[in-house]
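A.B. asks: Dropping a structure here in structure tokens format, bear with me for questions.
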Amino acid sequence: MSFPEGFFQRGDETPDNVFYAVPRLVTHIDDDAIAAVGQLYEELGIEGDVLDLMSSWVSHFRIAPRTLTVLGMNAYELERNEQATSWVVHDLNATPRMPFENETFDDVVCCVSVDYLTQPVDVFRDVARVLRPGGRFVCTFSNRLFPTKAVRAWLYSDDDEHCSIVAEYFHRSQVFGPATAALRTPPMHRGDPLYAVWAERAD
Ligand SMILES: C[S@@+](CC[C@H](N)C(=O)[O-])C[C@H]1O[C@@H](n2cnc3c(N)ncnc32)[C@H](O)[C@@H]1O
């Protein structure tokens, strides 16, 4: 899969700190989808030193990990994340390199936000840099979004294609092993579907 011209264009190309200046203390997926995120984290044993990328006031863990660093765009939201032990405002589209030392985290998660990345391969490479050996990067997403801030390719793709796009980000970063993709809500589920794509840092 190649990334054609316009793949990462967005309806709203203003800097992200404009759109995310207003706090949104809401949930972006329904309760079943949130529960599916927590269940996946539990099944994968995401419980050590964890980074929640593109985070807000909730991180969806059933039990908070040992330490949880949350990175996002809005300080008011991040400060209110009760599972977080530290938080940082950082615009990944302006600066894909994150303000963390190499091998700081056991695992990194990113919930319902990967569709907003305009330089995802650079971000995925940097995620691998801050992961310890054997660490995983777990991306979850549904079919709801802020349409003006999602990249164009995501808007014109279906659920299966979204999984392929994220798997391609992993592949192109060249720093992760094979990605696993799964629908984590039941196939006939009537609410928000919850998909996950994850991979382990390659060593
Ligand atoms: C749909 S919300 C999801 C929030 C949270 N992960 C959740 O599960 O509820 C999208 C999040 O992505 C973050 N975000 C958007 N663009 C970003 C960027 N350029 N750099 C870092 N974070 C960003 C925003 O701060 C926002 O909290």
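None of the figures in this text is laboratory data; all of them are computed from the coordinates on show. Fair warning: this is a prediction, and the values are worked out from it, not measured in the lab. All Cβ positions, glycine included, derive from the backbone under ideal geometry; neighbour counts span all protein chains shown.
A.B. asks: Sequence gap at least 6, Cα distance under 8 Å: using those rules, report the relative contact order of the stretch 149-203 to the nearest whole percent.
C.D. replies: On the way: 57 pairs, mean separation 17.8, N = 55.
Computed over the stretch 149-203, the figure is 32 percent.
A.B. asks: Now for a different question. Taking square-rooted eigenvalues a ≥ b ≥ c of the alpha carbon gyration tensor, is the chain rounded, prolate or oblate, where a/c under 1.5 means rounded and, failing that, a/b exceeding b/c means prolate? Please report the intermediate quantities before stating the final value.
C.D. replies: On the way: a/c = 1.10, a/b = 1.09, b/c = 1.01.
Verdict is rounded for the chain.
A.B. asks: Further, regarding this structure: For the chain, give the magnitude of the charge dipole about the Cα centre (Cβ charges: +1 Lys/Arg, -1 Asp/Glu; no others), in debye to the nearest 20. Each step should come with its number before you reach the end.
C.D. replies: On the way: 17 positive and 31 negative charges, 31 e Å.
With only Lys, Arg, Asp and Glu charged at Cβ, the dipole is about 140 debye.
A.B. asks: Where the centre of each part is set by its Cα atoms, how far does the stretch 55-105 sit from the stretch 173-201, in angstrom?
C.D. replies: 21
A.B. asks: Let me test this: with uniform point scatterers at the alpha carbons of the stretch 102-203, what is the Debye-based log₁₀ I(q)/I(0) at q = 0.15, 0.16, 0.19, 0.23 1/Å?
C.D. replies: Ignoring solvent entirely, the Cα scatterers give -0.58, -0.66, -0.90, -1.22.
A.B. asks: Membrane-span-like helices in the chain: DSSP H runs reaching 18 Å or more (Cα, own axis), mean Kyte hydropathy at least 0.0? Before the final figure, lay out each step's value.
C.D. replies: Working: long enough: 31-44 (20 Å, 0.18); 159-173 (22 Å, -0.80).
Those that pass (Cα extent of 18 Å or more, hydropathy at least 0.0) are 31-44.
A.B. asks: To continue, here is another question. Taking 8 Å as the Cα distance limit and 6 or more residues as the minimum spacing, I'd like the relative contact order of the chain as a percentage.
C.D. replies: Numbers: 406 pairs, mean separation 45.4, N = 203.
Relative contact order comes out at 22 percent.
A.B. asks: What residues have an amide H closer than 5 Å to that of Phe176, excluding those fewer than 5 places away on the same chain, when H is modeled at 1.01 Å from N in the peptide plane?
C.D. replies: Excluding prolines and chain starts, which carry no amide H, the hits are Ala202.
A.B. asks: Ratio of Rg to Rh for the stretch 52-124, alpha carbon only, Kirkwood?
C.D. replies: 0.93
A.B. asks: Now for a different question. Ranked highest first by average number of other Cβ atoms within 10 Å, how do 6-15, 96-105, 50-59, 121-130 line up? The partial results should precede the final answer.
C.D. replies: Working: 6-15: 13.1, 96-105: 15.3, 50-59: 24.4, 121-130: 21.3.
In decreasing order of mean packing, 6-15, 96-105, 50-59, 121-130 become 50-59, 121-130, 96-105, 6-15.
A.B. asks: While we're here: Residue by residue through the stretch 81-98, what is 3J(HN,Hα) from phi via Karplus (6.51 cos²θ - 1.76 cosθ + 1.60, θ = phi - 60°)? Round to whole Hz and write x for glycine and proline.
C.D. replies: Computed from phi, the couplings for the stretch 81-98 are 6, 6, 8, 6, 9, 7, 9, 8, 8, 7, 8, 6, 7, 7, 9, x, 6, 8 Hz.
A.B. asks: Which far-off residues, 5 or more places away or on another chain, put their amide H under 5 Å from the one on Val109, with H placed in the peptide plane?
C.D. replies: Those qualifying (amide H under 5 Å, at least 5 residues apart or on another chain) are Leu51, Asp52, Leu53, Val138.
A.B. asks: When you have a sec, figure out the Kirkwood radius of the stretch 3-80 from all distinct Cα pair distances and drop it here in Å to one decimal?
C.D. replies: 14.5
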